[in-house]
Amino acid sequence: MDEATQLRLGIKSMLSQYNHYFTRAPHTRYWLVVVDNHFEDCYSFFIYMQRFKAKLIKSYEIACFKRDKGQYEHFLSSLKQHSNLSIEYRDTNHLIQPDAKISLDLIHGHNI
């Protein structure tokens, strides 16, 4: 399979995953996250969702591919044409450390 066909199929798969997880559920906030993952040498695209007044945030990976700037631009432009959701960009070279150690989180079951 040539490179152009692989790119088209990858974008088609990503948009299919996007449509699957973006259910337009009432009282739900959706947004996209694009991660430049230097540890695994890839780009990852996620859709995040959070119900109104809920603390739990769910995320689903909709695409992952090798770090290729050209391919990244094609995936991102296709996603922007298909979606009006806000996009958050993250880079694993600039990870954010939490302020304090979480010792009690009843929602996720942490109880140290």
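The values are calculated or read from the model by the stated rules, or taken from the named source; none is laboratory data. Source: prediction; values computed, not measured. Note that we place each Cβ from the backbone using ideal geometry, even for glycine, and neighbour counts take in every protein chain shown.
Some points to look at:
- Look at (1) closer than 19 Å to ILE11 by Cα; (2) at pLDDT 95 or above and you find that LYS66 fails only one, number (2).
- Residue among HIS82, HIS38, HIS20 that alone is in contact with a Leu (Cβ under 8 Å, 6 or more places away or on another chain) and surrounded by fewer than 16 Cβ atoms within 10 Å (Cβ to Cβ): HIS82
- Within the range 50-62, the set of residues being closer than 22 Å to LYS12 by Cβ and either surrounded by fewer than 16 Cβ atoms within 10 Å (Cβ to Cβ) or at pLDDT below 95 (or both) comprises SER59, TYR60, GLU61.
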